[in-house]
Amino acid sequence: MRFQRRGGSLSSGECIKVLFFVTLLVSITVVIDRVAITNSCDIISTSTIPTVAKTTLNNPNDEQSMEWIVHQCQARTNQDMAHLKKEISDYEKSSKFQAKINEVKGGSITEGRENMLDFIKEYLDPGMNILDLGAAAGIMLQKIHRAYDEIDRLKGTNKGKFVGVELTTGWVKFAQDYFKNIKEIEFYEGDATDIDLKGQTFDFIMMNDVAEHIQKTRYGCLFSTLKKLTHPGSLVYFHTPTPMAQLEDSEQYFENVLPNHLVISGMAMAGFELMVFQHDLGANCGTMKGPYGSLPRPIRNAPCVVNEFPKYYHAIFMRSDEDQIFELS
């Protein structure tokens, strides 16, 4: 390799300096590309991290970067709307659509729901106004509403509002009719990324296996909508498939591999502090083949594993009005 400058070749001393800095730059680039810090501050190879994470490190202005994604709030195109409408129409003809209705009517509950409920119950307080974004036919709202009559510390306390928002028209119509005689439960048809509930805010918002279905160009819409629907002290709960599990499940439209750090960073930028992040070790989906020696000991025997990794995680965020906790000082 020969280095030149305007007006002639570099001297041998100058060449040595150039080679030193090139070598240093390459070394730094390799280190950045090979490691990432996890939530628990472990160092792991980025060979298992989706491309979005690598691009974030290498090029923060790229359209695959974390910073770009968490700020995006683009209107859906006509093509997007046509795809979404067709998927909803096809889904309403499927057995899965009816299964969600049967759950509410007393049928068997979808994989992992009972464990999610047990987790959520620990955060319930008297009088909470609760919002379920992506509520399906209403099974989670129904179960949590009943919990206020079943849990000793909540029995006899005031019930707040229980509001469901769902994009699938058939589920909304069913729920509005089925729960019409329960004054605390309300259902609305709408999109989790831009729902307008006339200025209402909620004490507890849950998104149960919903966040991975958001269109990539609308995660900024989601985070800002969550801020609009909350007040300081509000809790937001995510139950979401892990990125490794999502690598095995891409059949549905808008089904994303959603990196953990993207959710945490996007929520922080909207004013939400991470309170709890843990793998769901209670869900049992019949995939147990462990122990998985490649996993850390506490999650090695997870009973629901996909792609040799726990399928789901729980995360709780709390809305804060103290901006300084989100800044390094």
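Packing, as the average of other Cβ atoms within 10 Å across residues, places the peptides 303-312, 170-179, 276-285 in the order 303-312, 170-179, 276-285, highest first.
Projected label points at residue 324 and residue 231, each 7 Å from Cα along the beta carbon direction, are separated by 2.5 nanometres.
Listed by chain and number, the lysines whose alpha-carbon sits under 18 Å from that of residue 93, ignoring those within fewer than 8 places in the same chain, are 85, 173.
Between residue 189 and residue 157, the simple spin-label model (points 7 angstrom out along Cα→Cβ) gives 3.6 nm. For segment 131-202, the calculated P(r), taken from all Cα-Cα distances in 5 Å bins from zero up to the bin holding the longest distance, is 3, 17, 27, 23, 17, 8, 4, 0 percent.
In order along segment 160-176, phi translates into HN-Hα couplings of x, 7, 10, 10, x, 10, 8, 8, 7, 4, x, 5, 5, 4, 4, 5, 4 Hz, rounded to whole numbers, per the Karplus curve 6.51 cos²θ - 1.76 cosθ + 1.60 with θ = phi - 60° and x for Gly and Pro. Amide hydrogen proximity for residue 312: with H placed 1.01 Å from N in the peptide plane, the residues at 5 or more positions away or on another chain lying under 5 Å are 242, 280. Computed from backbone phi, the HN-Hα couplings of segment 294-309 come to 7, 8, x, 3, x, 10, 5, 10, 4, x, 10, 10, 10, 6, 6, 8 Hz, rounded to whole numbers (Karplus: 6.51 cos²θ - 1.76 cosθ + 1.60, θ = phi - 60°; Gly and Pro given as x). For segment 198-314, dividing the convex hull volume of the Cα atoms by the residue count gives 116 Å³ per residue. Extents of segment 68-326, taken as max minus min of Cα coordinates on every principal axis and listed largest first, are 51, 49, 48 Å. Cross-link partners for residue 155 among the lysines, with Cα-Cα distance under 24 Å and sequence neighbours closer than 8 places in the same chain left out: 105, 121, 143, 180, 183.
Could you tell me the convex hull volume per residue, in Å³, taken over the Cα atoms of segment 120-160?
62 Å³
For segment 198-204, backbone phi angles converted through the Karplus equation (6.51, -1.76, 1.60; θ = phi - 60°) give residue-by-residue couplings of 6, x, 5, 10, 10, 7, 9 Hz, Gly and Pro being listed as x.
Any read-out appearing in this document is the output of simple, stated calculations on the displayed coordinates, not a laboratory observation. Note that the coordinates shown come from a computational prediction; the quantities given were computed from them, not determined experimentally. Using ideal geometry, Cβ is built from the backbone for each residue, glycine included, and neighbour counts are taken over all protein chains shown.
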